[in-house]
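Worksheet: the structure to be examined is printed underneath.
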Amino acid sequence: MIAASAFTVFALGLRHGADPDHLAAIDNVTRNAYPRAPRLSRFVGTLFAGGHSIMVLAISLLVGWLGARFATHGAAIETAGTWVSIVVLLAIAAANFRALRSGSERVAGLKTRLLPRALREGGSALLAVPIGLLFGFGFETSSQLATYAVVFAADAGVLGAAAVGAMFCAGMVCTDTLDSVLVHRLVAHRSGALPSVMRVWIGSVTVLAVAVALYELAQVLGWRSPVSDLAVSSALVSALLVVFAYVFVRTRRVQTAAGFTTPSASSQRSRCSR
């Protein structure tokens, strides 16, 4: 059961890394850390996922240890967690819609606003670890709930639970790392064209939050998806990868244009001095 579910759990981890609250938190820490540690800030997502993984693994181990005693409450926990997830996602979508209207260049997140000021505004990239750890509390995301459901169903004890948790965390590390690399690129390559790129980025997070919220709401109300969770997770992550690719292409064009401008200007100055 564990081996058969490994790829599905990995895909759920990729999807969890694309959670709008993750994207917002990583965006915030990367921007704050860039002035002090431009190189390390590129890996804020990896640090965040590392802290988050500690909590995910701890909860997975607890679920695996409790086994059937906890599984009897699994359905109720999943339903409650899904409703919380829907509310949080819609709140994130509303916050980012306001950010788009106000011209903000930062992704808005719900949990980020609830963090202590020292974590929310700190300039160290290492703050991503405790922030990720704090984000690991709770059962409020569908991908996390689905992973714990695999642990419930497997009933493979602590070792099986650790294997499920590890696969989930591996997927999450991949997506979160990509996110911080993208934000680092946005911060590092400033130009007049980048505000429009940021609007695409914030708009994508908004659409993602609404899409996942509506999908979860439909399922809670009784609709059964004709496709598997694996297919849904793959679609969401693929859509995010398209946005990543778009941002990298746009910023690459900006960087290339800047690279051509500088030598041209210097050569003109050289001619004038002669």
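Here, each number is a calculation from the coordinates, and none is a lab measurement. Just so you know, these numbers come straight off a predicted model, no measurement behind them. All Cβ positions, glycine included, derive from the backbone under ideal geometry; neighbour counts span all protein chains shown.
Residue by residue, what Karplus-based ³J(HN,Hα) values in Hz, rounded to whole numbers, does the range 238-243 have, using 6.51, -1.76 and 1.60 with θ = phi - 60° and x for Gly and Pro?
Values, residue by residue: 4, 4, 5, 5, 4, 5 Hz.
Using the basic label-point model (7 angstrom from Cα toward the beta carbon), what is the Phe7 to Ala218 distance in nanometres?
My value for the distance between the label points is 2.5 nm.
Between the range 230-250 and the range 159-215, how many Å separate their Cα centres?
Using only Cα atoms to place each centre, the spacing works out to 9 Å.
Of the listed peptides 42-51, 216-225, what is their order by residue-averaged count of other C-beta atoms within 10 Å, with the highest listed first?
Values: 42-51: 25.8, 216-225: 11.6.
So the order, starting with the most tightly packed, is 42-51, 216-225.
Could you give the nm distance between label points at Ala80 and Leu241, where each point is 7 Å from its Cα heading toward the beta carbon?
Label at Ala80, label at Leu241, 3.7 nm between them.
Spelling out what I want: for every residue of the range 35-49, take phi, set θ = phi - 60°, compute 6.51 cos²θ - 1.76 cosθ + 1.60 (Karplus), and round to whole Hz; glycine and proline get x.
x, 8, 9, x, 6, 5, 5, 5, 10, 4, x, 5, 5, 4, 5
Return the distance in nm (one decimal) between the two label points of a simple spin-label model at Glu105 and Ala188, each offset 7 Å from Cα along Cα→Cβ.
Roughly 1.6 nm, to one decimal.
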